[in-house]
C-alpha cells in the first residue's frame, strides 16, 4: 500500500506542480514582461531536454543497449540526468526495457498496448513493484548500480538546482522549481510514456517487425508538426519501429526526415573523442534488416549461411 502511494505521488506529483506552474504564471505580476516569459521557457525547455537526453543516451542507448562506449564521467552524467526525470533507478528501467524487447506486445511485456492504451502509457507503472528483480547484466555494471543506489538524491537535485538557479536569475526559487522542476518532469515523462503507448499505436512501419512498434510520423499540416515536436522532445525515441528492428543501433532515425537529436549529439561527441565504438546502423544494415524481416525462417537461415560462406571465402 505504501509503495503504491509513493508510485502515485511520483506519477501525479509533477502533474500537480505543472498545474500550479500554469496558475502561478497567469497570476504573476511579471507575466506580461518578455524577459520573464523567455526565462520561464528556457527553464522548461532545458529541463525537458536534459532529462530526456539522460533517458535516451543514459538509460536507453547507453545502459540498456550499449550502443556506444564512453568515459565513466560521461556515462555517469547521462545516468544522473535520467534519474532527474524520476523514472526510477537506471538498472530497473533497463531491466524493464529488456523485458519489453524480449516480449514486445506479447504476454510478459510490461507495457503493451494490447492491455490497453492507458496501461501502456502510465497504468503499468502503478502495478509495478519498487523491489522488482534486476537483470544480472545490469547488476554487474558497477557504475550503473552505484548511481542507481543514489537515485533519490539525483531526483531531489533535479528540483533543487532549477530552484536555486531561479533565485539567481531573478524569477525566484518557486518559479525555478515549478518550471525547471515539476513542469519539466511532467512533460519529459509524457514524452517517454508516449513512446510506450503512441509509438506502438500510431504512425508508420518501415520494418516488418513482429510487434506493433511504429515510427511516430503522422502526415498532414497538424500531424507532421506534432510528430516533429515529439521526435525533438524525446531526442529521437519516437523512431521506435526502427529501434525495434535494429535494437543496438545508436541512430534511431534511419530514413529521410526522421529527426534524431540523440544521434546528432553522439556524432558530435564521437568527433570530440568523448564516445567511441558507436554502433551506427548503416544503409546496408538497414536494407538487409528490412529484407530479413520479410523472409520466412528457412529463407533467413539460407541467407545467413550464404553470408557465412562468403566471409570464409574472403579470408582464404
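Quick notes on this one:
- Relative contact order (%) - criterion: Cα under 8 Å, at least six apart; region: the chain: 20
- Taking other C-beta atoms within 10 angstrom as a stand-in for reagent exposure, 56, 112 fall in the order 112, 56, fewest first.
- In the elastic network of the chain, a GNM with C-alpha springs shorter than 10 Å, the most mobile of 57, 305, 125 is 305.
- Residue-averaged [θ]222 nm for the chain, counting only DSSP H segments that reach four residues, each worth -39500 (n - 2.57): -18000 deg cm²/dmol
- Exposure proxy ranking, count of Cβ atoms within 10 Å, fewest first, for 252, 65, 60: 65, 60, 252
- Whether segment 103-207 is rounded, prolate or oblate, judged on the alpha carbon gyration tensor where a/c under 1.5 counts as rounded: oblate
- Using a Gaussian network model of the chain in which every pair of alpha carbons under 10 angstrom is joined by a spring, one finds that among 113, 133, 261 the greatest mean-square fluctuation is at 133.
- Within the listed set 99, 33, 287, the residue fluctuating most in the Gaussian network model of the chain (springs between alpha-carbon atoms under 10 angstrom) is 33.
- Gyration tensor (alpha-carbon) shape descriptor, the chain, a/c threshold 1.5: prolate
- Averaging Cα coordinates gives a centre for segment 96-172 and one for segment 45-62; these two points are 12 Å apart.
- Proxy reagent accessibility, fewest Cβ within 10 Å first, across 210, 115: 210, 115
- Three-way shape label, segment 185-264, alpha-carbon gyration tensor, a/c 1.5: rounded
Bear in mind these aren't lab numbers, they're just calculated from the coordinates by the rules spelled out. A quick note: this is a predicted structure, and the numbers were derived from the prediction, not measured. FYI the Cβ positions are ideal-geometry reconstructions off the backbone, even for glycines, and counts take in every protein chain you see.
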